[in-house]
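The values are calculated or read from the model by the stated rules, or taken from the named source; none is laboratory data. Keep in mind that this is a model prediction, so the values were computed, not measured. In this analysis, Cβ positions are derived from the backbone assuming ideal geometry, glycine residues included, and neighbour counts consider all displayed protein chains.
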């Protein structure tokens, strides 16, 4: 009797042999659903309790360096931060997760050097479950490769098989199980995925009664992920290390995995650009606070994420400020007008200057 992993491999081979076109896309989608269900069975069979390395999150954001062994992740950590991760010219130098802190534009960004990913890491090979479980909690993934290694498709596949989707957002899909009525699909007229196809996908997961609400254009991957509910969606960028060995290396095929940076940890080529790329991809905001004396501390900004409001400033300073809040005064170089008096849910821009006025 074949193992679950062997059955998954057989279906993957069938997908590879099947030419993708209008006539076969539904068949391929159903095969993907079969793989997803088998992966769920494999995880259930091997049990839970697969935890990541014991590294407490610190700083304003966490970045995971992910890649095959021996591509220079440890060297990259050392030049980005002040850490001393062991460096060697042989595979599996890093046998544990090593954290470092990159200070940039007032933000403290935790960077994790993780052991190299190998094939079948998502099924536990090479401590893969520990590695990937740690990656799940990151705010950004830096996929590290070099001018000789390649194979980013395999890295992204292992991430996906462990429930990590890179550079794609969660779609607006809701699935509510019911006790009767079959699979009822609710979607706008402009959403062109076929309702019967959705019902077939549901049946692959042994769902026979459910209301499926689809509120935007989706494909089978989006629906499969919505059924499983265990996926996290994390932005990613790519660092191509050892560029000093081949300055003409063509990075264009790698852009589908995120913005690409050519670097050399050994010769410190492209490191400043990578630092800026990490900071930009995290979408952090710097907010400067004005104290009671009217003085603004531009050396120590409050670090928030894109989409934050005045409420988040209050929450980060002291939660009691939310209850005593009256209004805030905002100004900044990105504001087209001068000072503004705003409410607690007013959205912030990078480098805003904020004064909180409370009732106390």
If I ask for residues that are closer than 14 Å to residue 73 by Cα and either surrounded by fewer than 17 Cβ atoms within 10 Å (Cβ to Cβ) or more than 15 Å from the chain's Cα centre (by Cα) (or both), which ones from region 100-149 would you list? 100, 113, 114, 115, 116, 117, 145, 146, 147, 149
Residues of region 150-168 satisfying the condition of being over 19 Å from residue 37 (Cβ atoms) and assigned to a loop (DSSP other than H, G, I, E, B): 150, 151, 167, 168
From 132, 112, residue being closer than 18 Å to residue 164 by Cα and not in a strand (DSSP E or B): 132
Is it the case that some residue within region 290-299 is in contact with a helix residue (DSSP H, G or I) (Cβ under 8 Å, 6 or more places away or on another chain), surrounded by fewer than 16 Cβ atoms within 10 Å (Cβ to Cβ), over 22 Å from residue 106 (Cα atoms) and not assigned by TED's automatic domain parsing to the domain that holds residue 138? no
Quick check on region 165-174. Is at least one of its residues buried (at least 18 other Cβ atoms within 10 Å of the Cβ) and closer than 24 Å to residue 259 by Cα? yes
Answer yes or no as to whether residue 233 is more than 30 Å from residue 132 (Cβ to Cβ), in contact (Cβ under 8 Å) with a residue 40 or more places away in the chain and either not assigned by TED's automatic domain parsing to the domain that holds residue 79 or not in a helix (DSSP H, G or I) (or both). no
Return the only residue of 339, 259 being over 20 Å from residue 103 (Cα atoms) and modelled with pLDDT of 95 or more. 259
From the list 279, 288, pick out the single residue that is touching a residue at least 40 places away in the same chain (Cβ under 8 Å), under 30 Å from residue 77 (Cα atoms) and in a helix (DSSP H, G or I). 279
So which residues in region 200-230 are surrounded by fewer than 18 Cβ atoms within 10 Å (Cβ to Cβ), in contact with a strand residue (DSSP E or B) (Cβ under 8 Å, 6 or more places away or on another chain) and part of a helix (DSSP H, G or I), if there are any at all? 203
If residue 162 meets every condition in (1) farther than 16 Å from residue 63 by Cα; (2) modelled with pLDDT of 95 or more; (3) surrounded by 21 or more Cβ atoms within 10 Å (Cβ to Cβ) apart from one, which number is that one? (2)
